[in-house]
Structures are given as structure tokens and as C-alpha cells.
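First comes the structure, then the notes that go with it.
Throughout, read-outs are computed from the coordinates displayed, never taken from laboratory work. Computed from a predicted model, the values in this text were never measured in an experiment. For neighbour counting, all protein chains shown are included, and Cβ atoms are generated from backbone atoms with ideal geometry for every residue, glycine included.
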Amino acid sequence: MGKMWWQNSLSVGIDLIDNQHKQWIQYYNDTVEAVATQKSQAQVMKTLGFLIDYTGTHFATEEHHMAESKYPAMAEHKAKHDELRSTLAGLIKDFEEEGVTPELNKALETFLGNWLIQHIHEIDMKFGAYAKQEKIVIS
Ligand SMILES: [Fe+2]
Ligand SMILES: [Fe+2]
């Protein structure tokens, strides 16, 4: 499972959201580091906990601004967030029961790392474009 780095191509054009994505990547990398260096279960749990809490905060922020700006594709966007919310709940449960397994490692990379990048490119970008088009100021 590899670390991720912010790139300008990930910018959705809204500073608040870009900054949250950067912070999210930081928490993700902390989790990767904890898993890679085989930290204790408690330490991995702690980093994973930060990452998951922050995912919740971030999704809530996006959903708040989508609702405020009457974004027409909000339901579709929120459904994607809900899918990840349930995947994360499953990951935490597996981790609590089994610790860091190769499956967990893989799931972190697939469901979190790849998911986030793809979600930013395909879903968050559309909201960024809408906000720009409608001249909606988000801060
Ligand atoms: Fe999103
Ligand atoms: Fe996002």
C-alpha cells in the first residue's frame, strides 16, 4: 500500500475542499505508515480512527455546501459518500476482529486510496465546476 501525494490535477477549484482533500491525504499517509512499519494495533487503530473521522467531517462539509447551493446532482454524489461510509464501517469491524491482515492492507489501498482519487476526479470535480459556473462562493 503506497502513499499518495497531492497534485494540482486534483484541484476542484474550491480552496476549502482542496484543503480538506490535502488533509485527508495526510491522514491516509499516516495510516499507510503505521501499517507499513507494523505499529501496534492500538497505533494503527488510532491513525485509522483519525482518517475515518476526517472522512466523515469532509463528506459532511461537501454535503452541507451542495445542499446550500442547491446542487442538482447532490443525491448521486451523496450516494457515493454513503457507499464509502458503509465500507469504512466494515473495515473498522474487520480490523477490530482480525488486526492488520493482508486483506485489510489491500482494502485500505483499494477502498480508500483509489476510491478518493477516483471520487475527486469523477464526482467532486463536477461540484467544483457547478460552483464555478453558478458563481457560488464557498468558504
Ligand atoms: Fe465528495
Ligand atoms: Fe471530497
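Here are a few things to note about the model shown:
- Asp15 vs. criteria under 16 Å from Lys126 (Cα atoms), away from ligand 2 (no atom under 12 Å from the Cβ) and surrounded by fewer than 18 Cβ atoms within 10 Å (Cβ to Cβ): yes
- Of the residues Glu76, Glu96, Glu63, Glu83, the single one that is closer than 21 Å to Ser40 by Cβ and of a type outside the set (S, T, N, Q) is Glu96.
- The set of residues from region 124-139 being outside any loop (DSSP other than H, G, I, E, B), of a type in the set (A, V, I, L, M, F, W, C) and over 12 Å from His21 (Cβ atoms) comprises Phe127, Ala129, Ala131.
- Count of region 21-47 residues which are part of a helix (DSSP H, G or I) and either more than 16 Å from ligand 2 (Cβ to nearest atom) or under 15 Å from Leu91 (Cβ atoms) (or both): 17
- Annotation: Ser86 fulfils all but one of (1) surrounded by fewer than 13 Cβ atoms within 10 Å (Cβ to Cβ); (2) over 23 Å from Phe127 (Cα atoms); the unmet one is (2).
- Matching residues, region 48-61, being of a type outside the set (Ser, Thr, Tyr) and more than 11 Å from the chain's Cα centre (by Cα): Leu48, Gly49, Phe50, Ala60
- Any hit, region 22-38, residues being surrounded by fewer than 18 Cβ atoms within 10 Å (Cβ to Cβ) and under 21 Å from Glu122 (Cβ atoms): yes
- Count of region 91-138 residues which are more than 16 Å from ligand 2 (Cβ to nearest atom), exposed (fewer than 12 other Cβ atoms within 10 Å of the Cβ) and under 19 Å from the mean Cα position of the chain (by Cα): 2
- Region 48-79 - residue that is of a type in the set (Ser, Thr, Tyr) and farther than 23 Å from Pro102 by Cβ and, of those, nearest to ligand 2 (Cβ to nearest atom): Thr61
- Which numbered condition Val100 misses (of (1) in contact with a helix residue (DSSP H, G or I) (Cβ under 9 Å, 6 or more places away or on another chain); (2) assigned to a loop (DSSP other than H, G, I, E, B); (3) free of Cβ contacts under 8 Å to residues at least 40 places away in the same chain): (3)
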